[in-house]
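Taking it in order: structure first as structure tokens, then the write-up.
The values are calculated or read from the model by the stated rules, or taken from the named source; none is laboratory data. Everything numeric in this text was worked out from a predicted model, so none of it was measured. All Cβ positions, even for glycine, are placed from backbone atoms using ideal geometry, and neighbour counts span all protein chains on display. In case anyone asks, the SASA skips ligands and DNA or RNA and just uses the protein heavy atoms, side chains included. Shrake-Rupley method; radii C 1.70, N 1.55, O 1.52, S 1.80 Å.
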Amino acid sequence: MSTSVNVLIDALAKVLLGKEEQIKLALSCLLAKGHLLVEDLPGMGKTTLSHALAKVLGLEYQRIQFTSDLLPADILGTSIFNQTSTEFEFRPGPVFSQVLLADEINRATPKTQGALLEAMEERQITVDGHTYPLPQPFFVIATQNPITQMGTYPLPESQLDRFLMRISLGYPDPTVERKLLKGFNPRHDMDQLPAVTNSEGLAELQHKVTKVFVSDALLDYVQRILAFTRQSNRFNFGLSPRAGMALVQCSQAFALVAGRDHVVPEDVQAILPAVAEHRLAGSQDVTGHEGQRLVDSVLKQGDVIPGR
Amino acid sequence: MAESRHPPIFPMPRTAFVLLIVSVTLTVVPHIQRLPPWLLAVFGVVLVWRIQVFRQRLRFPPKWARLFMVCGGILGVLVYHGTVFGPDAGVALLITAYLFKQLEMYTRRDAFLVVILSFFVLATEFLFSTALLTSIYVFAVMVVITATLIALNMTDTSIAVWRPLKTALVTILQAVPLLLVFFFLFPRIGPIWDLGMKSTIARTGLSDRMTPGDVAKLSQSAKLAFRVEFEGEIPPPRDRYWRALIFDRFDGQTWSAQGDSSNIPYNPGYLKVAGEPMKYRVFLEPTGNNWLPAISWSELNGIKHRTSNSLVHYASSVVDKPVSYQVESYLNYQYEMMGVPRDLWRLYTTLPPMGNQRSIELGRDLYRNSGGDPEAMAAAMMRMFAEEEFVYTLAPPKLGSDSIDGFLFNTQKGFCAHYAGAFVFMMRAAGIPARMIGGYQGGEAHPIGNYLLIHQYDAHAWVEFWVNGKGWVREDPTAAIAPHRIELGSLRESLDEMSLLNSPFSGLDLRNLPLMGELRMMFDYVDYLWFKNVVSFDSGAQTKLFQQLLGKVTPQGIALLLAACGGAVVLVLGLWMLLTQKRLQKLDAADKQYLRFLHKLEKMGIQRELGEGVLSFSARVQRIYPEHSEIILSISELYSSIKYSDKPENTKQGKNLSGKSDSIASLKQAITKLKL
């Protein structure tokens, strides 16, 4: 089992050099059946990560480049009049795939964003009064540019909440950068990337995640963290129960990725920034990016050992 | 009309306004019986006006109207009380201003002022009463006023009324321990100013003038006069003659204490006492007079007083609030056996210049017939009262100008004052010094507490006459005509047939209902405890407490004691709040062991960061102590697996152990083994 996870990580590490931490997080997110939001500046490898993930997991995937004139029908699909059968036929859109790569999601208008985010939550879509279930598994890996950039429509809190994790990749370290400058092309290696598993294998892994043991002591720790975000006046509002559940699920997935059968506080600490940052806002937060500092303070304030 | 100009009106939250109106009403209500009637009308008008202003149906009064109201208010108080000074007039004036301020409450600051003023007006209630019920009421209103203050400070406009009330109650309850410390330990400084508390309210009670008829009025009152707590057995009713004052002058109609005898101090040399004293403590309700009732002969302790030649005790100031004092009474005593001072002799034998001729003659006849022996004459008079058609009644017929003659020869109906008056009159007619004593007789033993209740209806009059060689001898003429009045110790029997006592709410009537009577007694007991323990705690009692606590009473000692107790209270409260808010979590065995491990590392200067995970900390420590790397890792993994895994294992031996306790044991072992 863990070998399978390790193989996945190894394969991904081949295309995404020096980003093992982010790979583990992204993998944990998918193993916990959550949608992933990758946020970074252009050219940092967001698209590479999403493509590689879909390929390695052996899932069928579609990619949509979000633009400001993208319409909901472009994602969901439309009904077209068939002249031979004289009936309307539904042409499914790119959303009907196991992995949907939504590139630069914050470039689209809120209406289009809304259509996708609804599909994410319900895992089904409704067009012209007909409801069509989406394939299983269904993941959205969305990328976005920091909202301070020109021509973007920032996602509201409620929609950010649909993403289990938000991660960013960051600049590569010097050795990796040197390798890139020497002519290493991840896109090229991507084509040779093998499908390590398939949807059945993934489902099995996802089931294993739910079996990872969570002790009372660990839940105490998670609850201390939640309580801190709710009591401290540095936050606009505390973490919701849904965020608390997300914390536990992601910790379980991360523990599995790390090869353990039980969750330890380090797992919580590892996934907390990715899970909590986009759900937290400071009491005087303007940019929506204060979450990081707040999560740091959470990690400092909520101790692992009780009674201190 | 001039437009009224005032600062922009502060939009008061509805809850705060409701609470404010309730506060004002509750604050003023207990004063109502003392206020001029017109002020009640003002009270109503102001409240309605203020509510209408809040509902935006009316405007605030313009400036000229306010000026008119203030002048009218001062004038009204002046006319009603004749002054604006003194407690009654002062409080009336204060309440007038307090009410008018409602119509001038524009800003938040004004509202705060009204709240603070409410506390002040509420506190003035203690000028008039310190009874238990009053204190409970004041406490309750204090909660409401505090709630108003809280509501005024709440930004949320739509809160329920009970929320600030609850906060206020909790706040005040938290202050109670501090209140107790200050009550017992804060030095009681006498008043710097004299409020002139001699109240203008007519109090029901004995007065220093007695026109037969007065006692009847008194007897209808079920008000408490005083309570007595005996150290030993309560003596029988016939020994319980509570001497309060002397009626030494008679003008033909009215007996009065004109002061001649009371101004002369008693002479200890003329006093002879025998036997063991009876010890007790008197808790006297306010009387508006000076006299302190006690059973003669008595020595008083614990109150400033003087004793007159007539053996009456006078407090050095008017008893306008409840007082208590310790008494030692010698039932067996003699005073002035050898003679009465000449001035007093004249006073005690003086009759009005004219009138009551038949009584004078009767007195002289009786004296002659008894051979010039005052005691034989007294016995003759008692016989006369007992054998002739004399009737004891609290509703005697009216007497004409010769009241003694009218009573003795015509009506023959009367109560203690009539009999005592006739007795003294005839004695004096015979030239024997005699005087009427006013006070209380008997009293009712409380069924629960070991104490005696003496009510106003226990008021009584009896006589003393002087016998050469024996001094003053007590005689109670009422005993001859209504012996049960003396033996039962209260008026109960005699009153049952009295038709004039049918006021539905008088305590006397309620006594007939057993349940109400019991309730009344229960309440009296609580009230008595309150009086005994709280109201009577004066500077004297406080000094005694200081002596017990400090030994030697010095200002530094008192300050230290106050600071220590106050500090202790604050500390305990603070700790309590800390503990309830952040309950100290219980550590389990593994945590304790791990803390031991951390402690060992701390001694070496390695501190675990707050929030640092066990495994990451282990990695850090392993880098510092590579030589102990293995054991540190095993400690951390053991602890981590105990805490977070469902099957803790002993990593070192690599085999599963049966239970958690084994893992904890090996954790303990490993930590003990670790020597840095």
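If packing is taken as the average count of other Cβ atoms within 10 Å, what order do A:154-166, B:166-178 fall into, highest mean first? Before the final figure, lay out each step's value.
Working: A:154-166: 18.8, B:166-178: 14.5.
The packing order, highest mean first, is A:154-166, B:166-178.
Just list whichever of B:K603/B:K673; B:K532/B:K552; A:K14/A:K46; B:K101/B:K321; A:K24/A:K211; A:K24/A:K46 have alpha carbons separated by over 24 Å in the model shown.
Numbers: B:K603/B:K673 16 Å; B:K532/B:K552 26 Å; A:K14/A:K46 15 Å; B:K101/B:K321 31 Å; A:K24/A:K211 19 Å; A:K24/A:K46 15 Å.
The pairs that break the limit, which is 24 Å between Cα atoms, are B:K532/B:K552; B:K101/B:K321.
Take peptides B:662-672, A:235-245 and line them up by average Cβ neighbours within 10 Å, highest first, as a rough protection proxy. Intermediate results must be reported in sequence, preceding the final value.
Details: B:662-672: 18.5, A:235-245: 15.4.
Taking the mean over residues of other Cβ atoms within 10 Å, the ranking is B:662-672, A:235-245.
Could you state the angle between the C-alpha long axis of helix A:265-276 and the longest principal axis of the C-alpha atoms of chain A, as a value from 0 to 90 degrees rounded to the nearest 10?
The two axes meet at around 50 degrees.
Nearest 100 Å² is fine: what is the total accessible surface buried where chains B and A meet, probe 1.4 Å? All intermediate terms of the calculation are to be shown ahead of the outcome.
On the way: alone 35030 and 15080 Å², together 48240 Å².
Using a 1.4 Å probe on protein heavy atoms, the buried area is about 1900 Å².
How would B:I631, B:I264, B:I95 rank on accessible area, largest to smallest, probe 1.4 Å? Before the final figure, lay out each step's value.
Details: B:I631 35, B:I264 65, B:I95 0 Å².
Output order, biggest surface exposure first: B:I264, B:I631, B:I95.
Compute the helix-to-body angle for A:291-301: its Cα long axis versus the longest principal axis of chain A, expressed 0 to 90° and rounded to tens.
The answer is roughly 30 degrees.
Given the whole protein assembly as supplied and a 1.4 Å probe, what does the accessible area of A:R187 come to in Å², nearest 10?
140
Just the accessible area per residue of the protein assembly as shown, please: how many Å² with a 1.4 Å probe? Write out the running numbers ahead of the final one.
Details: 48240 Å² over 984 residues.
Normalised by residue count, the accessible surface of the protein assembly as shown is 49 Å².
On a C-alpha basis, how far is the centre of the range B:266-300 from the centre of the range A:34-68 in Å? Whole number, if you could?
Cα centroid to Cα centroid, the span is 104 Å.
Sorting A:R279, A:R224, B:R163 by accessible area (1.4 Å probe), largest first, what list results?
Numbers: A:R279 25, A:R224 55, B:R163 105 Å².
Solvent-accessible surface, decreasing: B:R163, A:R224, A:R279.
Considering every residue in B:604-611, what mean count of other chain Cβ atoms within 10 Å of its Cβ is obtained?
Details: counts 0, 0, 0, 0, 4, 4, 8, 14.
Per residue, the number of nearby Cβ atoms from other chains is 4 on average.
Probe 1.4 Å, all protein chains in place: accessible area of A:L71 in Å², nearest 10?
Roll a 1.4 Å probe over it and A:L71 shows about 100 Å².
When the accessible area of the protein assembly as shown is split by element with a 1.4 Å probe, what percent falls to carbon and sulfur?
Working: 27690 of 48240 Å².
So the carbon and sulfur contribution to the accessible surface is 57 percent.
Please compute the net charge surrounding B:N410, taking Lys and Arg as +1 and Asp and Glu as -1 over other residues with Cβ under 13 Å from its Cβ.
Working: positive: B:R358, B:K398, B:K413; negative: B:E388, B:E389, B:D402, B:D405.
So the environment of B:N410 carries a net charge of -1.
Among residues other than A:T78 whose Cβ falls under 15 Å from its Cβ, what is the net charge (Lys/Arg +1, Asp/Glu -1)? Can you show the working numbers first?
On the way: positive: A:R91; negative: A:D74, A:E87, A:E89, A:D128.
Net local charge, A:T78 excluded: -3.
With a 1.4 Å probe and every protein chain left in place, tell me how much accessible area B:H599 has, in Å² to the nearest 10.
100
Summarise the partner chain shielding of B:615-628 as one whole number: the mean count of Cβ atoms from other chains within 10 Å of each residue's Cβ. Mind dumping the intermediate values first?
On the way: counts 5, 6, 3, 0, 1, 0, 0, 0, 0, 0, 0, 0, 0, 0.
The per-residue average across the peptide is 1.
Net charge near B:A147, counting Lys/Arg +1 and Asp/Glu -1 over other residues with Cβ under 10 Å of its Cβ? Walk me through the numbers on the way to the answer.
Numbers: positive: B:R163, B:K166; negative: none.
Local charge sum for B:A147: +2.
Per residue of the range B:529-538, in order, report the coupling 6.51 cos²θ - 1.76 cosθ + 1.60 (Karplus, θ = phi - 60°) as ³J(HN,Hα) in whole Hz, putting x for Gly and Pro.
Listing the rounded values in order: 4, 4, 4, 5, 9, 9, 5, 6, 6, 10 Hz.
Go through B:L40, B:L94, B:L560 and list them by solvent-accessible area, largest first, probe radius 1.4 Å. It would help to have the intermediate numbers written out before the result.
Values: B:L40 60, B:L94 40, B:L560 125 Å².
Descending accessible area places them as B:L560, B:L40, B:L94.
How far is the Cα center of the range A:75-120 from the Cα center of the range B:45-98, in Å?
Cα centroid of the range A:75-120 versus Cα centroid of the range B:45-98: 77 Å apart.
With only Lys, Arg, Asp and Glu charged, each at its Cβ (+1 for the first two, -1 for the last two), find how big the charge dipole of the range A:1-159 is about the Cα centre; round to the nearest 20 debye.
With only Lys, Arg, Asp and Glu charged at Cβ, the dipole is about 400 debye.
Taking chain A as the reference, fit the longest principal axis to its C-alpha atoms, fit the long axis of helix A:216-231 to the helix C-alpha atoms, and give the angle between the two in degrees, 0 to 90, nearest 10.
For helix A:216-231, the angle is close to 80 degrees.
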